[in-house]
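The next block holds one structure in the form of structure tokens; read it before the comments.
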Amino acid sequence: GELCIGGDNVARGYWNKERLTNEKFVSDPFTTNGQLYKTGDLARWMPDGNIEFIGRKDDQIKVRGYRIELGEIENALSQLEGVGQCCVLAKPDQNDIKRLVAYVAMEDRDNIYPDGILKDKPDEIWKEVLQESLKEILPDHMIPQLWVFVEELRLTSNGKLDKNALPELDISSLSSKNYVAPRSEMEEQLVIIWQDLLSIEKIGVHDNFFELGGHSLSATRLVATIRKALEIEITIRDVFQYATIDALGNYLASQSKGRILPKVSVAKPRPEVIPLSFSQERLWFLDQLQGSVEYHLHFAIKISGSLD
């Protein structure tokens, strides 16, 4: 839990900062008139009675189902060549989905690589270089997709990062590719579908579905929407394998002849055995392919007394 400190040495609050005082200083439930200071640190009791520090409370967040320690990403990023200052935050996009955002102030860019291969290159090149370097030491779900390069990261008067001074984000920077407009009717239809699912106005054919904010749930919705709008059946695995409109469009074009869904007449009598829905087929397929333990929820509840 959060580490709180009490006793006679706890201050009254922050000087001329009423909001911060009310947030950090609370009444001590163990004494009559005392107060506790909420440190914002996470800690736990050890069997020997010591308290183990785990990390900052506001640095432990959940992204795409994974619990992430932002400080671990910052530590890995700060060790990369050329990185002077850095900060990693989790910010929600317009769909309220948390995105990892890396704020980076590079050192002397001109002298990082002696051969000058990256000298005076745009920030997009630096983003790709740093992302590839992080992939060697961190899992994919801990790699920031949004990057903001600044001259320096401003600090508060007590030497901490001033998060309020960080620049605002542009959701279009989720894409790591130059914009290329759709070139066929199939690509135009896919762009419309992606724009609706991801709530992004401008999507190019080389943009990656998952870089733009797609995830397993939206991939399922994408499969269903393609089935309904284009009458073509694909699998979730296809979405992961063909993650750009260019690749997916070519794949759909090659599959459309043999995978167009038959139109069922509404007057057709109800069969004795009802076929599985597409969602049920997908669950069965996943179970046959790799097992479906992801869908098993294990819990136990102890109850007492009469049960209605």
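The values are calculated or read from the model by the stated rules, or taken from the named source; none is laboratory data. In this text the structure is predicted, and so the values were computed from the model without any measurement. FYI the Cβ positions are ideal-geometry reconstructions off the backbone, even for glycines, and counts take in every protein chain you see. SASA here: full protein model, heavy atoms, side chains in, ligands and nucleic acids out. Shrake-Rupley method; radii C 1.70, N 1.55, O 1.52, S 1.80 Å.
How about the range 143-163: which of its residues are at pLDDT below 80 and open to solvent by 100 Å² or more (accessible area, probe 1.4 Å)?
The answer is Ser157, Asn158, Lys160.
Which of the helices (runs of 4 or more DSSP H) found entirely inside the range 199-308 contain at least 2 residues meeting this: modelled with pLDDT of 85 or more and under 32 Å from the mean Cα position of the chain (by Cα)?
216-230, 236-241, 245-259
I need the full set of residues from the range 207-260 which are among the charged types (D, E, K, R) and closer than 14 Å to Val191 by Cα, in order please.
Within the range 207-260, Asp207, Asp246 meet the criteria.
One line per residue, one yes/no per condition, for (1) in contact with a Lys or Arg (Cβ under 6 Å, 6 or more places away or on another chain); (2) surrounded by 15 or more Cβ atoms within 10 Å (Cβ to Cβ); (3) free of Cβ contacts under 8 Å to residues at least 40 places away in the same chain; (4) not small (Gly, Ala, Ser):
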| site | (1), (2), (3), (4) |
| --- | --- |
| Ser184 | no, no, no, no |
| Ile192 | no, no, yes, yes |
| Asp196 | no, no, yes, yes |
| Phe209 | no, yes, yes, yes |
| Leu248 | no, yes, no, yes |
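Only residues that are open to solvent by less than 60 Å² (accessible area, probe 1.4 Å) and assigned to a strand (DSSP E or B): list them for the range 60-87, please.
Gln60, Ile61, Val63, Ile68, Glu69, Val83, Gly84, Cys86, Cys87
What pairs come up if the first residue lies in the range 72-87 and is touching a residue at least 24 places away in the same chain (Cβ under 8 Å), the second is part of a helix (DSSP H, G or I) and among the acidic types (Asp, Glu), and their beta carbons are under 7 Å apart, counting only those six or more places apart or on different chains?
Going by the 7 Å Cβ cut-off, the qualifying pairs are Cys86/Glu74; Cys87/Glu74.
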